[in-house]
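So the structure is just underneath, and the comments pick up after that.
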Amino acid sequence: MDTNNTETNSYLDMELLRFTTAGSVDDGKSTLIGRLLYDSKSIFEDQIEAVQESSDKRGLEHVDLSLLTDGLKDEREQGITIDVAYRYFATPKRKFIIADTPGHIQYTRNMVTGASTSNLALILVDVRHGVIEQTCRHSFIASLLQIPHLIVCVNKMDLVDYSEEAYNKVVDQYKSFASKLDVNDIRFVPISALHGDNVVNRSEKTPWYGGETLMHTLENIHIGSDENHIDCRFPVQTVIRPHSDEYHDYRGYAGRIAGGIFKPGDEVVVMPSGFESKIKSIDTYDGPLKEAFAPMSVTMTLEDDIDVGRGDMIVRPNNQPVATQDLGVMLCWLNQRGPIPGAKYTVKHTSNEARCIIKDILYKVDINTLHRVENDKEIKANDIARVMLRTTKPLFVDEYNTNRQTGSIILIDEATNETVAAGMVIL
Amino acid sequence: MKYSLTHLKELEAESIFVMREVYAQFENPAILFSGGKDSIVLTHLARKAFWPAKIPFPLVHIDTGHNFPETMKFRDDLIKELGVKLIVGSVQESIDQGRVREESGKNASRNALQTTSLLDCIEKNNFDACMGGARRDEEKARAKERFFSHRDDFGQWDPKNQRPELWNLFNGKKNMGENFRVFPISNWTEMDVWQYILHENIAIPSLYIAHEREVIWRNNSWLPVSEHIQLGPNEVPETKMIRFRTLGDITITGGVESTADTLAKIVEEVASARQTERGNRADDKRGETAMEDRKKQGYF
């Protein structure tokens, strides 16, 4: 009974780590994910038996763990992954959500999507090939999307006899490339996803490696400061008015805190009206809160009866986002059809919405070399470009690298309603 | 004070955020309520999202007519407690109208017929967003499902043409006749759902808890004996301690043998099922043969 309690309590004390993986068909990404799921015992017996059977049918020597994650029938037949797939596993310390993205087809679109919600990226490098174009591409996107932590898995160590020299060569190569990136925390680990070396269990074949296993790092890496707890931002999603006898005059502003820590009594200002007030209460179904921080979903009431609605943002008077109609963004074009010159798009930013045009294309970025391309300004699918948007009304934005929620936008095609682009604000 | 959330609190915050987006972005949303644990958790989250106001959506139940009586009572009690509207899409009605044809034979089930009734119900009530309790960990095809899943005017899902979802910017724009399915608990696992039910002390139908019931062994599970199933010539009802891991149409919802008669014990059972090690296989095999033996006893 006691053990049961401990288990339950520890489960209630777990943190959530979202990470993205990117890799091509051959560098062992699916095998690595299969390995993490398998060695962390997140797979049911019937799943593993099915995979074993398929592996036998294909005449493979090993159980092909990649079969665990290749989902749709098309993918199994073609041996490729076609879209972002989300996987789940847990250890006693953390729960993990993997955004598993394919390495080649539509790579920008998929990797950007997967990276947008991740705290960490796993970059796979085949030790025999070293840093290749694709490695740079994955790393650059991770950096562009401001993923705080990168783990470079130098894979297939079994194929180079677990050579320290081969490993160091790749690490050095990556480090010299990474000086161009905007990521503070980069770690390296020599692994064999196929045999499980240094994935969950420490390998006896790499005595020269003094670092942690991949799983140990995933379980212990500090993610507590990944949210912005300094700049108070509360985008209002909707207004709650119960109209009941008990809560007759209740008027609460519901939303998810996008930054900072709010407390009752705090002086606040509502954008865009500029009305000032004080927080009267921060309410939840489970009772009022003394303080609330990102990424909590709460309902706020204010001391004064002022007009607040969806799209407004509650902030602190001395720390406000920039209200602007001219928005500099790094834009990732996600749609098959590129932008039509002069076309209007709907821009979505937090709970706010406006219309916009792409006023100017400053340059495109070659995501293999990180070079600026200034002579070709035609944006096509999967291109990344620095552009200026002009919006019909002010948006209240922060730099993407100080706040991923208030610094990000999407563009929606007004004719098809498709999400055609994703942008990161650069002020 | 520690400024970080536990994973359940973070999942809860995410789901509440998604439900509020649905309320703000759509004109006529609804919650698909099956009476199963996932839709119960969804309803609980909706209550949290809009408190102190009532849940601003109706609950929609697609009724196969083959229900566990316990589920129906649970549904009606919950509706009364929440003070929300219940809309029933009836499979019997679809059959009577000739919209679908009832399956026949021993394994006859109305499960597949539900789709027509659901689409009819969406059309009749003009729902533009239906929230469901589907999770991405349930099945491989669902691993790629979006939170906001766009359906064309035939109600179809095209996995290759889904809108990318970045950060927490959800695009619910649509043309006339189109609608959305929304899955606020996409990122929850079965274990998360159980832990949450335990932690929040959420009421669930007694069927989930181990109880004695008349069952037959069919298609590798213990199927409850009811007026809606035909017994084969060799099928002899037995009384077993069982519980249900999922709840659906009574004709296809099989139970597992279990002694877990409290929520805490269920969580323990779910946890140990996940932690089955490869080394424990022999035990599992023994267990399976043991079941085989019982099956044989039942048949012969």
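Things worth noting here:
- For chain B, modelled as a GNM whose springs connect Cα atoms under 10 angstrom apart, the maximal fluctuation among B:ILE55, B:ILE40, B:ILE95 occurs at B:ILE95.
- Size-normalised alpha-carbon gyration radius of chain A, reference 2.2 N^0.38 Å: 1.09
- Fraction of beta bridges assigned by DSSP in chain B that are antiparallel (%, nearest 5): 60
- Comparing B:LEU166, B:LEU113, B:LEU198 in a Gaussian network model of chain B, where Cα atoms under 10 Å apart are tied by springs, the biggest mean-square fluctuation is seen for B:LEU166.
- Within a straight-line Cα-Cα reach of under 25 Å, A:LYS290 can be paired with the following lysines, leaving aside sequence neighbours fewer than 8 residues apart in one chain: A:LYS263, A:LYS278, A:LYS280, B:LYS2, B:LYS9, B:LYS48, B:LYS54.
- In degrees, nearest ten, helix B:190-200 long axis to first principal axis of chain B (Cα): 80
- Exposure proxy order (Cβ contacts within 10 Å, fewest to most) of B:TRP167, B:TRP157: B:TRP157, B:TRP167
- DSSP bridge analysis restricted to the protein assembly as shown gives an antiparallel fraction near 70%, rounded to the nearest 5.
- Placing unit charges on the Cβ atoms of the charged side chains and taking the dipole of chain B about its Cα centre, the candidate lying farthest along the positive direction among B:GLY255, B:LEU8, B:SER117 is B:LEU8.
- Of all lysines in the structure, those lying under 23 Å Cα to Cα from A:LYS364, and not within fewer than 8 positions of it along the same chain, are A:LYS180, A:LYS344, A:LYS348, A:LYS377, A:LYS380.
- Net charge, A:TYR253 excluded, C-beta distance under 14 Å - Lys, Arg +1, Asp, Glu -1: +1
- Straight-line cross-link reach from B:LYS37 at under 12 Å between alpha-carbon atoms covers these aspartates and glutamates, not counting any fewer than eight positions away in the same chain: B:GLU190, B:ASP192.
- Among B:ASN67, B:ASN187, B:ASN201, the largest mean-square fluctuation in a Gaussian network model of chain B (Cα springs under 10 Å) belongs to B:ASN201.
- For the range A:107-133 versus the range A:329-388, the gap between their alpha-carbon centres in whole angstrom: 22
- More than 29 Å apart - percent of Cα-Cα pairs taken over chain B: 41
- Tilt relative to chain B, helix B:114-125 - C-alpha long axis, 0 to 90 degrees, to 10: 30
- The range B:172-246-the range A:232-292 distance, computed between alpha-carbon centres (Å): 38
- Neighbour counting of Cβ atoms within 10 Å sorts the residues A:ARG372, B:ARG245, fewest neighbours leading, into A:ARG372, B:ARG245.
- Relative compactness, the protein assembly as shown, computed as alpha-carbon Rg over 2.2 N^0.38 Å: 0.99
- The protein assembly as shown - mean residue ellipticity at 222 nm from DSSP helices (-39,500 (n - 2.57) per run, n ≥ 4, rounded to 500): -8000 deg cm²/dmol
- For chain B, the longest principal axis of the alpha carbon atoms and the long axis of helix B:281-299 meet at an angle near 70°.
- The mean of 1/r over all pairs of different alpha-carbon atoms in the range A:316-404, once inverted, gives a Kirkwood hydrodynamic radius of 14.2 Å.
- As a calculated quantity, the FRET efficiency between A:SER273 and A:HIS229 at R0 = 30 Å, using C-beta atoms, amounts to about 0.70.
- Exposure proxy shown here: for B:PHE154, A:PHE140, A:PHE188, B:PHE33, the number of other Cβ atoms within 10 Å sets the order, fewest to most, as B:PHE154, A:PHE188, A:PHE140, B:PHE33.
- Note on the protein assembly as shown: dipole from Cβ charges, positive end direction compared against A:LEU194, B:LEU169, B:ALA210; the farthest Cα belongs to B:LEU169.
- Dipole magnitude for the range B:1-72: computed about the Cα centre from +1 point charges on Lys and Arg Cβ and -1 point charges on Asp and Glu Cβ, it is near 320 debye.
Bear in mind these aren't lab numbers, they're just calculated from the coordinates by the rules spelled out. This is a predicted model, so every value here is computed, not measured. Reconstructed Cβ throughout: ideal geometry from the backbone, glycine too, with neighbour counts over all protein chains shown.
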